[in-house]
Amino acid sequence: MDLGLRPEFRARLERVTAMVRDEIAPAEAEFHAEVPRGGRWVLSERQVEILEGLKARARAEGLWNLWLTEEGGAGLRTVDYAWFAEVMGRSPLAPEVFNCNAPDTGNMEVFHRYGSAEMQARWLRPLMEGEIRSAYLMTEPGVASSDATNIAMSCVRDGDDYVLDGEKWWATGAGDPRCAVYIVMVRTGGEDAPKHRRHSMIVVPADTPGIEVLRAMEVYGHDDAPHGHMHIRFSGVRVPADNILLGEGRGFEIAQGRLGPGRIHHCMRAIGMAEAALEMMCRRSLSREAFGKPLAQLGANYDIIAEARMEIEQARLLCLKAAWMMDQGDARAAAPWIHQIKVVAPRVALKVVDEAVQMFGAQGISQDVPLSAMWTHLRTLRLADGPDAVHRRQVARAELRHYTQEKV
């Protein structure tokens with residue numbers, strides 16, 4: 001089982017690491033400071049200048065669309081890409097600079113695997129060129145969406161169209177002025193259909209009449225502008241019947257194909273955040289003194305730093321094994337490992353960030369350091385793409401199958 005980065009990609013990873021450290025991270029403060037000046041849901045000229053300049057440099061050096069591990073991509077395996085995702089996790093701007101940002105990577109994967117030639121020309125090409133953004137609409141305010149069989153948005157065939165009615169929320173990226181297309185999970189089957197054949201995925205242009213953005217959802221009081229997580233209402237929204245992906249009843253099939261790799265990407269970025277937080281914690285513990293000693297020598301700080309290092313290493317290895325399982329080509333066999341990392345990686349990273357906050361004291365919860373933003377992102381990740389409890393349930397079901405032939 002080879003969990004390392006192949007030698008031919010080491011120089012490329014070194015360049016990504018250098019760009020994140022020397023060019024992208026230093027630009028973050030200026031980029032985010034621009035948000036109140038131009039309005040919450042627009043990009044200022046300076047923000048566009050920062051992003052497009054960095055993206056142009058990434059493209060020129062072949063550091064673009066690294067996430068695509070299938071034909072037409074950069075040639076990386078999922079294991080290889082995991083190392084890149086960890087580095088990108090150290091900066092919130094980095095994934096977009098390399099065109100490896102969520103939810104676009106998952107949506108590009110859907111268009112790449114399941115989209116028609118027309119969809120690929122209209123949506124996949126500009127997404128892969130970094131010209132537009134996209135959103136994935138699944139969660140709904142009126143049902144427990146952790147059980148996706150509850151998804152209820154109505155999608156009814158009417159001649160050559162489908163008509164959509166209902167609400168979605170936590171539509172990440174839908175606030176971005178460049179967001180041009182949604183991939184939407186809808187219900188097309190009745191009670192007589194098998195439970196996992198009642199839902200479909202449909203492609204909806206963001207400017208279709210009948211779509212109303214009700215509000216931006218706030219994450220611990222922050223709206224994450226200009227990207228955002230929007231609450232959206234669909235009222236009699238008509239889209240061509242050809243916009244349905246693969247046909248009616250295949251929504252869960254597509255969702256699993258989309259979410260598996262994306263969860264690995266999220267988790268490796270979480271490891272990157274944990275590494276950044278541990279570095280900050282160590283530097284702080286050696287540079288600040290209290291009661292006549294460096295902070296590192298006070299209380300249980302040696303133990304805290306040691307535990308953080310050990311837990312990060314364990315979480316990384318588990319992420320890499322899940323990536324290796326994905327590379328073997330059997331998504332069903334990889335699923336239990338992906339469920340495990342989706343619980344472990346955010347939880348470990350959140351713990352490390354929380355300890356770093358404690359080491360920084362009051363500054364740790366302020367805007368002067370990125371720890372509070374990292375904490376809120378990681379706490380949210382314990383819910384995004386399925387809450388911990390659902391993933392633990394799937395891990396337990398897989399484990400119990402080794403011991404019984406009964407349906408668990």
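Observations on the structure shown:
- Sequence-separation-based contact order of the chain, relative, with Cα cut under 8 Å and 6+ spacing, percent: 14 percent
- Largest mean-square fluctuation among Q394, Q297, Q358, in a Gaussian network model of the chain whose springs join Cα atoms under 10 Å apart, belongs to Q297.
- Descending Cα extents along the principal axes, the chain, whole Å: 78, 60, 43
- The phi-based Karplus calculation (6.51 cos²θ - 1.76 cosθ + 1.60; θ = phi - 60°) puts the 3J(HN,Hα) values of region 203-218 at 9, 10, x, 5, 9, 5, x, x, 8, 10, 7, 7, 5, 8, 6, 9 Hz, whole numbers, x for Gly and Pro.
- Annotation for region 65-131: GluC sites (Glu not before Pro) lying in DSSP loop with at most 13 further Cβ atoms inside 10 Å of their Cβ are E70, E71, E129, E131.
- Stretch in the chain that is longest and holds no chymotrypsin sites (Phe, Trp or Tyr not before Pro) that DSSP places in a loop and that have at most 15 other beta carbons within 10 Å: 1-219
- Here's the picture: a label point sits 7 Å out from the Cα of E279 along the beta-carbon direction, and within region 61-88 the residues with their amide nitrogen under 19 Å of it are 82-88.
- Computed over the alpha-carbon pairs of region 133-244, the distance histogram in 5 Å steps reads 2, 13, 23, 24, 19, 12, 5, 2, 0 percent, short to long.
- Principal axis dimensions, region 7-115 - Cα atoms, whole angstrom, descending: 42, 34, 22
- Neighbours of A384 by Cβ distance under 13 Å: Lys/Arg scored +1, Asp/Glu scored -1, total +2.
- For region 133-244, a crude dipole built from +1 on the beta carbon of Lys and Arg and -1 on the beta carbon of Asp and Glu, taken about the Cα centre, is about 180 debye to the nearest 20.
- Sparsely packed loop sites in region 347-408 (the GluC sites (Glu not before Pro) outside DSSP H, G, I, E and B with at most 13 other Cβ atoms within 10 Å) comprise E406.
- Debye-sum result for region 252-400 in log10 I(q)/I(0), which assumes one identical scatterer on each alpha carbon, at q = 0.14, 0.20 Å⁻¹: -0.69, -1.13
- Cα-based equivalent ellipsoid of region 102-189: semi-axis lengths in Å, sorted from largest, via gyration tensor: 23, 17, 12
- Computed from point charges on the beta carbon alone (+1 for Lys and Arg, -1 for Asp and Glu), the dipole magnitude for the chain about its Cα centre is near 800 Debye.
- Cleavage-rule hits, trypsin sites (Lys or Arg not before Pro), region 327-408, DSSP coil, Cβ neighbours within 10 Å at most 15: R401, K407
- Computed magnitude of the charge dipole of region 1-85 (debye, nearest 20; Cβ of K, R +1, Cβ of D, E -1): 40 debye
- Measuring r between the beta carbons of E212 and R332 and using R0 = 56 Å, the FRET efficiency lands at 0.90.
- The HN-Hα couplings worked out from phi for region 261-268 by the Karplus form 6.51 cos²θ - 1.76 cosθ + 1.60 (θ = phi - 60°) are x, x, 5, 4, 4, 4, 5, 5 Hz, whole numbers, x standing for Gly and Pro.
- For region 252-400, the residue among I341, I312, P370 whose Cα projects farthest onto the positive side of the dipole built from Cβ charges is I341.
Since every read-out is calculated from the coordinates, none of them should be taken as a lab result. This one's a predicted model, so the numbers in the text were calculated from it and none came from an experiment. Reconstructed Cβ throughout: ideal geometry from the backbone, glycine too, with neighbour counts over all protein chains shown.
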